[in-house]
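The values are calculated or read from the model by the stated rules, or taken from the named source; none is laboratory data. This structure is a prediction, so every number in the text was calculated from the model and none was measured. Virtual Cβ from ideal backbone geometry, glycine too; neighbours counted across all protein chains shown.
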Amino acid sequence: MNKQYCFLLLVMLLSSMVVFAQPERWQQRIKYNIDVTMNVNSHQFSGTEIIEYTNNSPDTLSKIFFHLYWNAFQPNSSMDVRSRELGKTIIGKDRNGNNVLDWDSRVTNRISNLTESEIGYQQVKSIIINGKEQTLIEHETILEVVLTKPILPKSNTLMKVTFDAQVPIQIRRSGRNSAEGIKYSMSQWFPKVVEYDYKGWNANPYVAREFYGVWGDFDVKITIDKNYMVAATGVLQNANTIGMGYTVAGYKPPRITTPTITWHFKAENVHDFVWAADPDYTHISKEVRKGLTLHVFYKSTTPYNDSAWNNILWAAEKALPYIEKRFGAYPYPQYSFIQGGDGGMEYAMATLIRGSGLGTVFHEWMHSWYQQILGTNESLDPWMDEGFTSYAEEEIMAWYNETHAWKSPWIAQWKRDAILKEVAEEKTELPLHQTSNYYGYFNLVKSPIEEPLTTHADHYNTNRGYGLSVYAKGGVFLAQLGYIVSDSVRDKILLEYYRVWKFKHPNANDFIRIAEKVSGLELQWYKEYWINSIKYIDYAVGNINVDTATSNAILTLKRLGKMPMPIDVVVTYKDGTSELHYIPLNLMFGQKPSENNTNRTVHTAWKWTHPEYTFSITRKINEIKSIEIDPTNRLADVNRSNNKLVIPD
C-alpha cells in the first residue's frame, strides 16, 4: 500500500468522522441591507431593504413569505381578538371568590381601542426582483410574495423591498411611549423573511407569541433626530461621529450641525435585529474582555435608579465566566441591556427590559444561547427556548447570589444582608436553585389547563397554561434530566448540545440524541412522556414484608402515576447508617453513574408495564428507621407525602 493511498484513506476516514460528529441540516441564509428614516413627530418611517436570499434547500421556491408584525396592532386583528377571547376564559377564583380571567395584562383589550394615529402598520409598497415587481398578497401579519421566476435550489436571489411603517403605541414588545417613558422600542420593525426549513414555510401569523428566523448578516442605517440616542443589535460603525458613550474615553466627537443623524450598525450571524431610541437615555458600557463590550441603556430618574442599572453591568461581567462554563461561549462582540418594551424580551445581541431586576436580566441574556445561538423553532418548541432559559436563569441567579451579589458596590448594605440571609436559609424541599420551576409545574399539573409541550405556542388554550408549561415544565425537563442521567452528565450534555448544534435549528429529537450519546442511555421515553403527553409522576413507598428464607426485609414500591421513572431509594437505619438503592427503568437500557461518590446497590430494572416493584435488603424490619424515594427531590413527583415512610420505634 503506497503512502499516497494511505494518506487519501486517512483523509476520507477523518472526513467521515467530522460528518458524523457535526450533523448537517441545510438552512437558508440571508443578508439584509436596511436603510430607514424616522420622523419622530409622526412616528412613521420609510425604508428600503436590499435582501440577498440564499436558497440552500433542495426545493424550488415559487413563493416567499414575509412577516409584517406591526399589522397586529390594529383593532380586530388576530392578536386583538385572540387576546379578548382569552380574556373571557375563567382559570380560577381569587381570595374573594371572584372569577380570575385569563388576560394577558399587557394586552387585554388595548388594541381594540387604538385610533388611526396610534395603530401600528407595515406596508410593503413593492418588491422588485431582477427588475420586475412581484405580486404581493397581504394576509394581515404575513405577506405572500408570488414570484415571477422561482428561486432554484442552491441559488442566490436579490430583492429590493420598499416599505412604510407607523410605530404603534407600546402594547406588546414593540411600540412608542412605553409606561416608563421610553420613546421607541423598535422590535419586529422591518419586513422580515419567514424561515423556510425542512418542514416548509413557517408563516405563523403574529398573535403575541414566539419567533423563528433565518440566520444572516445585517447592515442597518437608521436616520433619526440628532437628539435621540440609539441602542441596537450589532456594532456601531460610525461611533466617532455619533459619540453618546460609544467612543473611547477621552475622544470628543465633532458637533452635529444637521437636524438628523444616521446611525450605522452591523451584525453578523444573527436572525433578528432590534433597536430602541430615546432623547434621555443614559449609556454606560464596559469592555469586559478583548472583543466583548457590554452596554446598558436606561432613563435616569433617581440615584437609586442609577445604582440599579449600574448593578446590571457589574453583575453581568461577574456572571459571564460562569455562564460560559455551564452553557458555552458567548460568540458576539457586544450585548446591550436596554430599558424598553413591556417587561423582558430577547433579541440578537440585546434585550428590551422594563426594569433592572437581575432575574429578568439573566433570563433575557440566556436567550442569546437558547434563542440566538441554538435557534430552535420557538413556535413549535417554545419549551426548548423558554424552559431551557428558565432553568439557566435559576442556576445563574443562585450562583450569583452565593458568590457575588453581596459584594456589589451598587447595592445598599441592607440588601447585602438580605441576600446573605436568603442564601443561608435556602430551603431544599425541592432541587436546589430550581424551586420556582418545580412549584410552577406542580401548580400546572394540579390544574385542568395543562396541555402537552408539543402544543404550538400560538394555540395553547390559555395564557396561564402556556406560561406554566413552556417556562416551568420546560425548566423541570432539564433539572429532572439530572436525576435520570446525573447532574454532572446533564451538564456535559448541555455543553455538547451547544457545540454540535450552535447556529443550527435543533429540535427536541436532536437534543435527545445528544443526551443519549453523552449519557450512553436510551432517553426517547423521557421525551415521549414529559413532552408529548401530560402524564405525571407519582411514586409511593408500599408494604414491608419479611423474606422467610433470610428474615430480612422486602420493600415494595408503587407507581401510582402513569409516567415511569428510574428510582433512588434511601433506607436509613436506627443505628444512623443508610443505604442508597438504585432501580433503573428498563426503557433506559443502562444506569446513571453513582453520584457524589455515594455507595449504592443497583437492582434489576423496573419494567414500565409493572405498577409495583419489590426488592430485598440485607437487614431486618426492626432495624429500619425510614424509607425515602428520591431524597434529592429532583423527581417531579406530584405527591411527595407518600414518598417517605418513617417506622415508629
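Values computed for the structure shown
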item	result
Selection count where residues are in contact (Cβ under 8 Å) with a residue 40 or more places away in the chain, surrounded by 18 or more Cβ atoms within 10 Å (Cβ to Cβ) and small (Gly, Ala, Ser), scope region 496-536	2
Residue that is among the basic types (Lys, Arg) and within 30 Å of Val40 (Cα to Cα), where the choices are Lys226, Lys199	Lys226
Members of region 390-405 that are under 14 Å from Val423 (Cβ atoms) and hydroxyl-bearing (Ser, Thr, Tyr)	Tyr400, Thr403
Qualifying residue in region 101-114 (condition: within 28 Å of Val161 (Cβ to Cβ) and in contact (Cβ under 8 Å) with a residue 12 or more places away in the chain)	yes
Some residue of region 304-320 being under 27 Å from Phe45 (Cα atoms) and crowded, with 19+ Cβ neighbours inside 10 Å	no
Residues being without any contact (Cβ under 8 Å) to a residue 40 or more places away in the chain and either β-branched (Val, Ile, Thr) or assigned to a helix (DSSP H, G or I) (or both) - total across region 232-253	6
Selection from region 595-632 of residues that are at pLDDT 95 or above, in a loop (DSSP other than H, G, I, E, B) and among the polar types (S, T, N, Q)	Thr604, Thr609
Strands (runs of 3 or more DSSP E) lying entirely in region 257-332 (those with 3 or more residues that are under 24 Å from Asn39 (Cβ atoms))	260-270, 275-278
Lone unmet requirement of (1) closer than 15 Å to His603 by Cβ; (2) under 43 Å from the mean Cα position of the chain (by Cα); (3) not small (Gly, Ala, Ser) for Ile534	(1)
Options Asp575, Asp568; residue that is of a type outside the set (Phe, Trp, Tyr), surrounded by 16 or more Cβ atoms within 10 Å (Cβ to Cβ), over 19 Å from the mean Cα position of the chain (by Cα) and not in a helix (DSSP H, G or I)	Asp568
Only listed residue being free of Cβ contacts under 8 Å to residues at least 40 places away in the same chain and closer than 17 Å to Tyr347 by Cα, chosen from Glu393, Glu386, Glu378, Glu402	Glu393
Subset of region 70-98 [crowded, with 16+ Cβ neighbours inside 10 Å and assigned to a loop (DSSP other than H, G, I, E, B)]	Phe73, Gln74, Ser77, Gly87, Thr89
Selected residue [crowded, with 19+ Cβ neighbours inside 10 Å, modelled with pLDDT of 95 or more and within 23 Å of Ser488 (Cβ to Cβ)] from Ala553, Ala636	Ala636
Among the candidates Leu587, Leu635, residue that is in a helix (DSSP H, G or I), outside the structural domain of Glu522 (by TED's automatic domain parsing) and closer than 18 Å to Leu481 by Cα	Leu587
Region 142-170, subset touching a Ser or Thr at 6+ places or on another chain (Cβ under 7 Å) and assigned to a loop (DSSP other than H, G, I, E, B), residue nearest to Arg106 (Cα to Cα)	Gln170
Given (1) at pLDDT below 95; (2) more than 17 Å from the chain's Cα centre (by Cα), index of the condition Ser486 fails	(1)
Residues within region 192-228 that are part of a loop (DSSP other than H, G, I, E, B), under 22 Å from Trp383 (Cβ atoms) and of a type outside the set (A, V, I, L, M, F, W, C), tallied	11
Yes/no for Leu143 being touching a strand residue (DSSP E or B) at 6+ places or on another chain (Cβ under 8 Å), closer than 30 Å to Glu85 by Cβ and of a type outside the set (Val, Ile, Thr)	yes
Residue within region 415-423 that is out of contact with any Ser or Thr (no Cβ under 9 Å at 6 or more places or on another chain), in contact (Cβ under 8 Å) with a residue 24 or more places away in the chain and more than 30 Å from Leu236 (Cβ to Cβ) present	no
Test: residue in region 248-268 that is within 30 Å of Tyr471 (Cα to Cα), not aliphatic (A, V, I, L, M) and not assigned by TED's automatic domain parsing to the domain that holds Thr455	yes
